[in-house]
Amino acid sequence: MSITIEQRRQHRLMTIEKSLAKRHRQEKRFRRTGLAAVVTGMTLVAILFVSILIRGVPAFWQATIFVDVYFDPDVIQLEEKPQKVSGESQSAFEERYAAWQSQAGLVNWQALIDSALEDAIGDEVESRQLRDLRALVSSSERFALRNRFVEDPSLLGQTVELKMLASANVDVWIKGNIDRNLDDSRQQLSAQTRAWADQLYDDGIIKNAFSTALFLNTDSRSSPASAGLAGAFMGSLFMMMVVIMLSVPLGVASAIYLEEFAPKNRLTDLIEININNLAAVPSIVFGLLGASIFIGYLGLPLSAPLVGGLVLTLMTLPTIIIATRASLRSIPPSIRQAALGIGASRVQTVFHHVLPLALPGILTGSILGVAQALGETAPLLLIGMNAFVANVPGTPLEQSTALPVQIYLWQGNELRNFFEARTSAAIIVLLGLMLSLNALAIWLRKKFETRW
Amino acid sequence: MSNLALIATLLLIMAMAYHLGLTRSRAVAAEQDVRMHSRPGYYGALVALWCGLPAFGLFLLWSFLAPQLIEMLVTQQLPTELVASMSDRELTTMLRRISAVAEGRNVAGGATPEELLAANHMARLQTFELYSLVAVMAVMAVGGLVYARRHISPQWRARNHVERVITWALAASSAVAVFTTVGIVLSMLGEALKFFSFISPAEFFLGTTWNPRFSTSGADAQGEFGLLPLLWGTMMVSIIALLVAIPVGLMTAIYMAEYAPPWLRNVAKPIIEVLAGIPTIVYGFFALIVIGPFLSNLGDMIGINIRTTSALTAGLVMGIMIIPFVSSLSDDIITQVPKSLRDGALGLGATKSETIRQVVLPAALPGIVGAFLLAASRAIGETMIVVLAAGNNPVLHGNPFEAVSTITVTIVNQLTGDMDFASPQSLVAFALGLTLFVITLGLNVIALIVVRKYRQQYE
């Protein structure tokens, strides 16, 4: 009995049919795995954002005490604020003024705060409880009070409603960032202070008010509640100015040379390989370069935004070169040929015709490069930008930190309960800046996208 | 500050020179009633360049040489027996104090009479130096201006000269990237060689103990600088990261390139791009406060002891960080596979997944391997995540649930705060950096060659 062709055909079809179901199942499984990968990636990122937002957003509102402060003349025993008299030299006046200021520094401003809090609580506070009372308010407030009075001495004898930052521990307690059921020995505040904090919160004297300190103050060790990002922000701003002023012109110029002028030989090949490699060198290596050459050899100051900017410039240079070259390459040769054909020189062709067309792409690449530099931390640690700096830098040569470095410093602070939220808030600020830069770049690209 | 003022003045004079050149060329053209070789702007630019460039070059040379010259003269003027009695280092410190006094600042402990004398001398020299610099620069700028302006004639090919200067400037900019590489290599080699004068290379590369001690505990309290625990820690974290990133990233890329509807592509692509830009310190913080505690609790539940900061925590988060990197690189490579290959497979009756697995991926394999290598070099060089989440425990062990330390973490630890490049404790950072640089460079070079070969295959 021989198998007919028809039977063989039937048999083959059946095998195919049988395997087909299996193959389609496989197809579905593969596809689902792909989707699962996309979903996994997106979920992880969503978790990242949500967890940082949940922790960080509340930190933008900070426990603040709204009390009436009486500028008690009995406590503030000061001469009148010196006015410049005619005939007095500037230096003599300044000397008098400085003396008055240091006098003002000796006034017991804390006493004013103490009595204001006492009034707010509505109870006589015994002197042994004074420590508990003072734990309520941020220790920076007595200096704020002094500065306020030095600005405006007519406050003497008046009662003014002021808002004062509550101490970091009170903020933690009010927000419930510490377990309220822990026993006394493990609480950061005494039982009395906690009771007062709750009472004032219920009375509406302590409120969660928008924290301007976060934006206007610099970092602070003695009064964590008033620690802010202003210094780090200025440091980052100076660095970005250096990066923009150096890496964009240098990067664009070298990209133009390599793409439009360079002869194709081994030297330019080498430069090209070198740039591609430089783009993938770990950022910390650039930090080592900065530490050894800029600081060790050239003797530039430690912790200066100028040095940070130089290091970041070298780091972003390859990114900008690569983006600019891609942008130049996407301009069709016909544009160049047309310009050359009517007698333009090569330099004229590039600068009058090619470059304007490539500008949107160059801009996008540069913005992305700068955004990358803004978030970079590791190389800055090696050139001393992780030093504690209590002033807003006025020039790029003064000591400073940067936003990402401030995040690094805050996350390591011992006052974990408070700084976890503060760090997350700083991250939100940094991410906000970076994402808006990125969004700007993407928008620019979409807007000017040309298909040749 | 005086330097900035000087440069600003020079720029101002150059602007004037531009104007003079421009009007002069117009006047020449009108006078002789001929067509000039170039347009007036080029003559202006050329005169400005003649005026500014030589003066600026002199300025650069001068500011490089003059301080050294002054330092030399001041040293000569110091009492010889004093100089002879000091080591090089003491002399440098003294010169630094002298220049501080010369600038009118106070120095610790007050200035000694010799220092005061030297400072006066230095201040005089500096004043003289500044005045002579200004004078010479002024002569050069005006001389260049006058010379070039006189030279303007219809035959003078101003445009060609200006364009040559522009081309040279462009070429010089592209040299900066090369100098950066040279700078990296030289600085690291130099400092690393200094380190190897304390510790033999064999001890460093083959040592299994990392215990650098503190430089303050005396010169004889030399620590042990074994690279292997750090290298192993780096490898462990990177491998975990790649185990997370490669499957997820590759599957994402495949889905995006082959299956995803256009709207999803349009939404997901920019998101992935933005993700690649999130600073690593953010991922590190995320590891520290979310992933670490989560893993630790998970370990408690199933009875394994997982530390909050461990190789696993750091690796996992680093993997999350590299996903966008892997996926966008692979996506580019997969979309580069010619459509004809896909059509051929589909035409023979293969399903889409079969086409991808048996035709597209093998064709794209070299490129994808290149992408993986780049991702690996990223993982090895990553710093902030491991600084925050790996736990800094430089001990050779194979347990991913324990804390480890990596090369990058150690560089940060050894070099922060201490800028005295004399002890092996801080110099070791450069030896580590050199190792890191060589490893990542090797990976990158191989990856670039592979990717390039792959591109040529389909171009």
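When Rg is the radius of gyration of the Cα atoms in chain A and Rh is its Kirkwood radius, what does Rg/Rh come to?
On the way: Rg = 32.3 Å, Rh = 27.6 Å.
Across chain A, the Cα-based Rg/Rh ratio is 1.17.
Nearest 100 Å² is fine: how much accessible area is buried between A and B, summed over both sides, with a 1.4 Å probe? Numbers along the way, then the final one.
Numbers: alone 25700 and 25450 Å², together 44450 Å².
Chain pair A/B: roughly 6700 Å² of buried accessible area.
A 32 angstrom limit on the alpha carbon distance is what I want to check against. Which of B:Lys269/B:Lys339; A:Lys28/A:Lys447; A:Lys22/B:Lys453; B:Lys352/B:Lys453; A:Lys84/A:Lys207; A:Lys81/A:Lys175 exceed it? Please report the intermediate quantities before stating the final value.
Values: B:Lys269/B:Lys339 21 Å; A:Lys28/A:Lys447 38 Å; A:Lys22/B:Lys453 37 Å; B:Lys352/B:Lys453 27 Å; A:Lys84/A:Lys207 42 Å; A:Lys81/A:Lys175 42 Å.
With Cα atoms farther than 32 Å apart: A:Lys28/A:Lys447; A:Lys22/B:Lys453; A:Lys84/A:Lys207; A:Lys81/A:Lys175.
Quote the accessible area belonging to B:Lys352 in square angstrom, nearest 10, computed with a 1.4 Å probe and with ligands, DNA and RNA left uncounted.
About 80 Å², rounded to the nearest 10.
Using only helices, what value at 222 nm comes out for chain B when you add -39,500 (n - 2.57) per DSSP H run of length 4 or more and divide by the total residues, to the nearest 500 deg cm²/dmol?
On the way: 18 runs with 344 residues, N = 459.
Calculated at 222 nm, the ellipticity per residue is -25500 deg cm²/dmol.
Percent relative contact order of chain A, based on C-alpha pairs within less than 8 angstrom and at least six residues apart?
On the way: 569 pairs, mean separation 85.0, N = 452.
For chain A, the relative contact order is 19 percent.
Under a no-solvent Debye model with one identical scatterer per Cα of segment B:224-458, what's log10 I(q)/I(0) at q = 0.14 Å⁻¹?
Log10 of I(q)/I(0), two decimals: -0.94.
Taking 1 over the mean of 1/r across every pair of different Cα atoms in the protein assembly as shown, what Kirkwood radius in Å do you get? Walk me through the numbers before you get to the answer.
Values: mean 1/r = 0.0306 Å⁻¹.
So the Kirkwood estimate lands at 32.6 Å.
What is the P(r) of segment A:5-58, as percent of Cα-Cα pairs per 10 Å bin from 0?
Per 10 Å bin, starting at zero, the Cα-Cα P(r) for segment A:5-58 comes out as 21, 21, 18, 15, 11, 8, 5, 1 percent.
How big is Rg to Rh over segment B:225-328, alpha-carbon atoms, Rh as the Kirkwood inverse-mean-distance radius? Working shown, then result.
On the way: Rg = 16.1 Å, Rh = 15.1 Å.
Answer for segment B:225-328: 1.06.
Based on Cα positions only, what radius of gyration and what Dmax would you give for segment B:126-244, in angstroms?
Final numbers for Rg and Dmax: 28.2, 77 Å.
In segment A:230-448, carbon and sulfur make up what percent of the accessible area (probe 1.4 Å)? Please list the in-between numbers first.
On the way: 5430 of 8140 Å².
Summing carbon and sulfur atoms, their accessible area is 67 percent of the total for segment A:230-448.
What number comes out for the charge environment of B:Ile281, summing +1 per Lys or Arg and -1 per Asp or Glu over other residues with Cβ under 12 Å away?
Numbers: positive: none; negative: A:Glu376, B:Glu382.
Within the 12 Å Cβ shell, the charges total -2.
Please tell me the relative contact order of chain B in percent, rounded to the nearest whole number, where contacts are Cα pairs under 8 Å and at least six residues apart.
Working: 561 pairs, mean separation 74.4, N = 459.
Computed value for chain B: 16 percent relative contact order.
For every other residue with a beta carbon closer than 14 angstrom to the beta carbon of B:Leu20, add +1 if it is Lys or Arg and -1 if Asp or Glu, then tell me the sum.
On the way: positive: B:Arg24, B:Arg26, B:Arg149, B:Arg150; negative: none.
Result for the neighbourhood of B:Leu20: +4.
Using the heavy atoms of the protein chains alone and a 1.4 angstrom probe, what is the accessible area of segment A:259-348 per residue in square angstrom? Kindly include the intermediate steps, with their values, before the conclusion.
Details: 3600 Å² over 90 residues.
Heavy-atom SASA per residue in segment A:259-348 reads 40 Å².
Which whole number of Å³ per residue matches the convex hull of the alpha-carbon atoms in segment A:294-452? Let's see the in-between values first.
On the way: hull volume 22.1 nm³, N = 159.
Spread over its residues, the Cα hull of segment A:294-452 gives 139 Å³ apiece.
Which net charge results when you count Lys and Arg as +1 and Asp and Glu as -1 among the other residues whose beta-carbon is under 11 Å from that of A:Ser167? Let's see the in-between values first.
Values: positive: A:Arg134; negative: A:Glu141, A:Asp171.
The answer is -1.
Looking at chain B, I'd like the Rg to Rh ratio, where Rg is from alpha-carbon atoms and Rh is Kirkwood's inverse mean 1/r. Write out the running numbers ahead of the final one.
Working: Rg = 31.6 Å, Rh = 28.4 Å.
Reported Rg/Rh (Cα atoms, Kirkwood Rh): 1.11.
Stretched out fully, how many nm does the piece from B:Asn120 to B:Ala29 gain, at 0.36 nm a residue minus the Cα gap? Let's see the in-between values first.
Details: separation 91, 0.36 × 91 = 32.76 nm, distance 5.66 nm.
Computed gain between B:Asn120 and B:Ala29 is 27.1 nm.
The values are calculated or read from the model by the stated rules, or taken from the named source; none is laboratory data. In this text, all values refer to a predicted model and were calculated from it rather than measured experimentally. Note that each Cβ is placed from the backbone with ideal geometry, even for glycine, and that neighbours are counted across all protein chains shown. For the accessible areas, the whole protein counts, side chains as well, though only heavy atoms, and no ligand, DNA or RNA atoms are used. Shrake-Rupley method; radii C 1.70, N 1.55, O 1.52, S 1.80 Å.
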